[in-house]
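Quick notes on the structure that follows.
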Amino acid sequence: LGNVDACAAFQAFSLFVKAKEVPAASRCPGGGEGVRWRCCRQAFEELPGIHRHVALHHSGDVGRQAGLGAGPVEAGGSPVGGPAPAGSAARPSGHSCSNPEIFWALPDTSHVSHDDLTSCIILFFLNILFLFAYLCYAVGSQVGEVLLYYCYCEVKDPEKLCAWQKALCQHLHLTGKVRVASEGINGTVGGSKVATSLYIKVMLSQPLFKNILCQEDFKSSAGGAHCFPDLRVGVFKEIVPMGIDPKIVSYKETGIHLSPQEFHREVEQYLSQASQGQSDTILLDCRNFYESKIGHFQGCLAPDIRKFSYFPSYVDENLELFKDKRVLMYCTGGIRCERGSAYLRSKAVCREVYQLKGGIHKYLEEFPDGFYRGKLFVFDDRYAICSNEDIISACRYCGVLWDQYKLCSSQHCRQLVLTCPSCCNKGLTACCPVCQEKELKVTSRASGQTLKEECECTRRRPRVPIENISPRMLDTGK
């Protein structure tokens, strides 16, 4: 409590309230019998009312009565912080008993002795400390969530669904991204566990999704509203941007869905056959290169593409690769495989096309130490979530094992870069030498001047890579 005599403060407050009490014999019958206190020409019937009044308007009087020095401005308007009465000890104004919130609901302690009051106050503050410690533990242990989900269905009025979805997220204080289209909805939202649970319940009861969505369609991970800068809800042509009209390649023509258990068995068989040079299967990663770089299934084929909208062109340029093959496809949560498998099937070159239901998210729930190694990339401020201890990528500059992404430090670039703490300390924080040089130039210019152009990383990477993979390499699972 510092220099403040808490006992004196509480007792002075109680005595001041006691002095304003109306004697029972003086209470007027007929409408005034409930009045128990009078102060400043006001009548009060309940203890919290008089406590509030005294705390707001007479804390200076209480403070001087307790010997605590000056308080705030009194009811009359004169500053209590003025000269103290003669003989009173001056106390630091920072310790004045001036917070009305403390006294609004105090019990009447005017009849309690100083020693008993001291013991009560010590117990009171001990209880407060224990309560504070418990609240800190409870709040700290209840981590929020990030939900990932999608639902392909026919939406007749996307604008109406978009407005409803935005209102729902705002009401629950959720942040994230939600895409609505005539072909369905795709969302990644973050918030408290209570909010995300309510969100799921509302989504499952929505007539449009009631018989399509289920609890298992929502993939969750530790996070919260802080994982996203804001809330973005909008209407788009596709709920995942593949760049192909949904009317031409529909989600209804998707591949065969495999549960995590079924997919695990297929990958196990594929790796076993590949090691003997007998595999007729391709394990295809449908994600972007920076996602597969920090985590992927063993023996997979991971296209070196920067956007999923490049995937159809990748398939077109490498059709021979998929001829008469069984294709096992996977992505983060399953949504890219829905349209990706449909596009691959439309080319009529594969023998069979399968996809992992629920994506890597659901697989890792069942097999955290399975055939997926490394981290799972996510599209929010976390960048990645971990399921095992493997690090399969390296620092862009020194080559040490490292898998924690940062944004390129150059203002004109939005590429992600893997740069370890040691290289960061040396100032190597850009994604390539070109960006590193331009970043130094930009920082030396006036603020607000930024460059808008592609960096060396983007320029040197083919938009659609053509795989030069021999049958032997496929057979050995490389």
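Selection within the range 147-188: residues that are touching a Lys or Arg at 6+ places or on another chain (Cβ under 8 Å) and aliphatic (A, V, I, L, M). The member of this set that is surrounded by the fewest Cβ atoms within 10 Å (Cβ to Cβ) is Ala181.
Against the list (1) among the hydrophobic types (A, V, I, L, M, F, W, C); (2) at pLDDT below 95; (3) surrounded by fewer than 21 Cβ atoms within 10 Å (Cβ to Cβ), the condition Ile305 fails is (3). Checking the range 329-337 against the condition returns a match, with at least one residue being charged (D, E, K, R) and either under 21 Å from Lys219 (Cα atoms) or over 29 Å from the mean Cα position of the chain (by Cα) (or both). Taken over the range 338-357, the residue count meeting the criterion of being within 32 Å of the chain's Cα centre (by Cα) and surrounded by 24 or more Cβ atoms within 10 Å (Cβ to Cβ) is 6. With respect to the conditions (1) open to solvent by 40 Å² or more (accessible area, probe 1.4 Å); (2) of a type in the set (A, V, I, L, M, F, W, C); (3) touching a strand residue (DSSP E or B) at 6+ places or on another chain (Cβ under 9 Å), Leu258 lacks only one, and its number is (1).
With the requirement that a residue be of a type in the set (S, T, N, Q) and surrounded by fewer than 21 Cβ atoms within 10 Å (Cβ to Cβ), what does the range 273-287 give you?
Within the range 273-287, the subset of a type in the set (S, T, N, Q) is 273, 275-276, 278-279, 281.
Across the range 273-287, the qualifying residues are Gln273, Ser275, Gln276, Gln278.
When the residues of the range 183-237 are filtered to those that are in contact (Cβ under 8 Å) with a residue 60 or more places away in the chain, under 11 Å from the mean Cα position of the chain (by Cα) and assigned to a helix (DSSP H, G or I), which remaining residue is nearest to Ser309 (Cα to Cα)? The selected residue is Cys227. If the condition is being open to solvent by 50 Å² or more (accessible area, probe 1.4 Å) and modelled with pLDDT of 75 or more, then the range 55-75 contributes Leu56, His57, Arg64. Filtering the range 386-437 to residues that are surrounded by fewer than 18 Cβ atoms within 10 Å (Cβ to Cβ), within 29 Å of Val146 (Cα to Cα) and of a type in the set (Val, Ile, Thr) leaves Ile391, Ile392. Taking the criterion of being closer than 18 Å to Thr332 by Cβ and crowded, with 19+ Cβ neighbours inside 10 Å, the residues of the range 214-253 that qualify are Asp217, Phe218, Lys219, Ser221, Gly223, Cys227, Phe228, Glu238, Ile239, Val240, Met242, Tyr251.
The values are calculated or read from the model by the stated rules, or taken from the named source; none is laboratory data. Every value quoted in this text rests on a predicted model; they were computed, and no experiment measured them. Quick reminder, even Gly has a Cβ in these numbers, built from the backbone with ideal geometry, and neighbours come from all protein chains shown. All accessible areas refer to the heavy atoms of the entire protein, side chains included, with ligands and DNA or RNA removed. Shrake-Rupley method; radii C 1.70, N 1.55, O 1.52, S 1.80 Å.
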